[in-house]
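Data block below; observations after.
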Amino acid sequence: MNFKFPVEALSRLETPLYYYDMDILNNTLDTVKNEADKYGFKVHYAVKANANERILKAIQQRGFGADCVSGFEVQQAVDCGFDASGIVFAGVGKTDKEINLGLDNNIACFNVESIPELEVIDELAGKKGKVAKVALRINPNVNANTHHYITTGLEENKFGINIWDLENVLAVLKSLKNVHLEGIHFHIGSQITDLTSFRDLCLKVNELQKWMISHNILPKVVNVGGGLGVDYHNPDNSIPDFASYFKVFADLIELQPEQELHFELGRSLVAQSGALISRVIYIKKGVNVQFAIIDAGMNDLIRPALYQAYHKIENLSSTMAEEKYDVVGPICESSDCFGKAVTLPQTLRGHLMAVRTAGAYGEVMANRYNLRTLPIPYYSDTL
Ligand code: LLP
């Protein structure tokens, strides 16, 4: 199934805007669900990838849980209909207010990243006469081979509890009355395209599970996080290979009969369903290049500026002979560039441009730098 651009309808709208192809989204969600259900795996969607109400509702309706990293995300998940029993709450710096919100909503689990956090959750749960379910986020020291800004599973990262500290943490946990060990949690990074990293993770999890079992600890849930990458170079016909991804875990993870395997996928569920739509404001001749200056900037989609990320750029208005352009935004920063030497059909002022695979970490990371307004989302089924 290819992404469809209703160029006529889009050309009547003010740009920049986000456009979501709901058929692509639903198709992707159905594929994930089918593949995960084959093994009885449970997927919590990582809300941080796209917290848009329409998208969250589509995800909720298909029976996914929600993986949240702030109180606002927990609230948004609740507001969009996710059952509390399907909401997990992660993050290194949960405030008391956020923890209380999770407790008041009786969420399924807090993914805990340090001893001080564990103690605060215990104290706050005690004040409410509740027992909070917690999963320990363990740093498996597995290299995700991805951009260093989105690598999270190495000892040097701020995330998780290091394996050598685990015994300590378990001793503290045992002494606390208002927390219950529900699971162990791992996440090694994002945009991972080499499944070998997930194989390495499985082996680490098995090793750790053996150690825990030998210490008479068997949490119900093993949560292996998210991170499955998408193909930014081929935005059409490219639902990520969920079958191979889940098979790695099905083949390698050694679970006890009473244990469940959970995932927290974000990007792979939503990335291909979104595009940033923009208009060309000017074509400007440089010394050796020509610039296509578009009305979307790094505030609308920050990934190229922040991670040197590649997004395919298309001209939706032209079929003329191809030329090369540096596609840049209007913001006063040299990093406000969506692509250098991009081959495009001849591009003119007023043409509509699509920056593809922007459904994940696109709209949700938009900001108001230069006091620009936030891009508005539109959906294929309501346009
Ligand atoms: N679970 C945890 C604990 C995470 O930190 C993340 C992402 C996920 C799940 C979801 O990972 P995914 O399946 O989406 O890879 N803004 C960056 C990506 C940051 C990812 C942060 N954590 C980007 O635009 O590439």
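Hey, LEU301 hits all of (1) within 26 Å of the chain's Cα centre (by Cα); (2) in a strand (DSSP E or B); (3) of a type in the set (A, V, I, L, M, F, W, C) but one; which does it fall short on?
(2)
Output the number of residues of the stretch 26-56 satisfying the condition of being away from the ligand (no atom under 13 Å from the Cβ) and either more than 21 Å from MET365 (Cβ to Cβ) or not assigned by TED's automatic domain parsing to the domain that holds SER244 (or both).
Matching residues across the stretch 26-56 total 15.
If you go through the stretch 183-194 one residue at a time, do you hit one that is within 16 Å of the ligand (Cβ to nearest atom), assigned to a helix (DSSP H, G or I) and out of contact with any Cys (no Cβ under 7 Å at 6 or more places or on another chain)?
Checked against the condition, which is being within 16 Å of the ligand (Cβ to nearest atom), assigned to a helix (DSSP H, G or I) and out of contact with any Cys (no Cβ under 7 Å at 6 or more places or on another chain), the stretch 183-194 yields no hits at all.
Taking the stated definitions as given, is ILE188 under 30 Å from ALA309 (Cβ atoms), aliphatic (A, V, I, L, M) and surrounded by 19 or more Cβ atoms within 10 Å (Cβ to Cβ)?
In short, yes.
Does the stretch 71-80 contain at least one residue that is outside any loop (DSSP other than H, G, I, E, B), within 13 Å of the ligand (Cβ to nearest atom) and hydrophobic (A, V, I, L, M, F, W, C)?
Checked the stretch 71-80: no residue is outside any loop (DSSP other than H, G, I, E, B), within 13 Å of the ligand (Cβ to nearest atom) and hydrophobic (A, V, I, L, M, F, W, C).
Answer with yes or no whether GLU260 is of a type in the set (D, E, K, R), within 14 Å of the ligand (Cβ to nearest atom), over 30 Å from SER335 (Cα atoms) and touching a residue at least 12 places away in the same chain (Cβ under 8 Å).
Spelling it out, it is not the case that GLU260 is of a type in the set (D, E, K, R), within 14 Å of the ligand (Cβ to nearest atom), over 30 Å from SER335 (Cα atoms) and touching a residue at least 12 places away in the same chain (Cβ under 8 Å).
Taking the condition modelled with pLDDT of 95 or more and either assigned by TED's automatic domain parsing to the domain that holds LEU252 or β-branched (Val, Ile, Thr) (or both), does ASN139 pass?
Against the criterion (modelled with pLDDT of 95 or more and either assigned by TED's automatic domain parsing to the domain that holds LEU252 or β-branched (Val, Ile, Thr) (or both)), ASN139 does not qualify.
Sort through LEU265, LEU201 and tell me the only one that's assigned by TED's automatic domain parsing to the domain that holds PHE89, at pLDDT 95 or above, within 15 Å of the ligand (Cβ to nearest atom) and assigned to a helix (DSSP H, G or I).
Criteria check complete, one pass: LEU201.
Please find, among ALA341, ALA354, ALA292, ALA309, the residue that is of a type in the set (A, V, I, L, M, F, W, C), in a loop (DSSP other than H, G, I, E, B) and either within 21 Å of HIS233 (Cα to Cα) or free of Cβ contacts under 8 Å to residues at least 24 places away in the same chain (or both).
ALA309
With respect to GLY286, determine if the residue is under 22 Å from the mean Cα position of the chain (by Cα) and open to solvent by less than 70 Å² (accessible area, probe 1.4 Å).
no
Go through GLU207, GLU167 for me and flag whichever is farther than 25 Å from ALA36 by Cα, acidic (Asp, Glu) and assigned to a helix (DSSP H, G or I).
Exactly one of GLU207, GLU167 is farther than 25 Å from ALA36 by Cα, acidic (Asp, Glu) and assigned to a helix (DSSP H, G or I), namely GLU167.
Restricting attention to the stretch 268-292, report how many residues are within 16 Å of the ligand (Cβ to nearest atom) and more than 17 Å from LEU201 (Cβ to Cβ).
8
For the stretch 107-116, indicate whether the set of residues that are in contact with a Leu (Cβ under 7 Å, 6 or more places away or on another chain), away from the ligand (no atom under 15 Å from the Cβ) and either part of a loop (DSSP other than H, G, I, E, B) or farther than 17 Å from LYS220 by Cβ (or both) is non-empty.
Checked the stretch 107-116: no residue is in contact with a Leu (Cβ under 7 Å, 6 or more places away or on another chain), away from the ligand (no atom under 15 Å from the Cβ) and either part of a loop (DSSP other than H, G, I, E, B) or farther than 17 Å from LYS220 by Cβ (or both).
Out of (1) surrounded by 23 or more Cβ atoms within 10 Å (Cβ to Cβ); (2) over 26 Å from ASN367 (Cβ atoms); (3) outside the structural domain of PHE82 (by TED's automatic domain parsing), the odd one out for PRO16 is which?
Just one mismatch for PRO16, condition (2).
The values are calculated or read from the model by the stated rules, or taken from the named source; none is laboratory data. Note that the structure is predicted; figures quoted are calculated from it, not measured. Neighbour counts are summed over all protein chains in view; Cβ atoms, including those assigned to glycine, are modelled from backbone coordinates with ideal geometry. All accessible areas refer to the heavy atoms of the entire protein, side chains included, with ligands and DNA or RNA removed. Shrake-Rupley method; radii C 1.70, N 1.55, O 1.52, S 1.80 Å.
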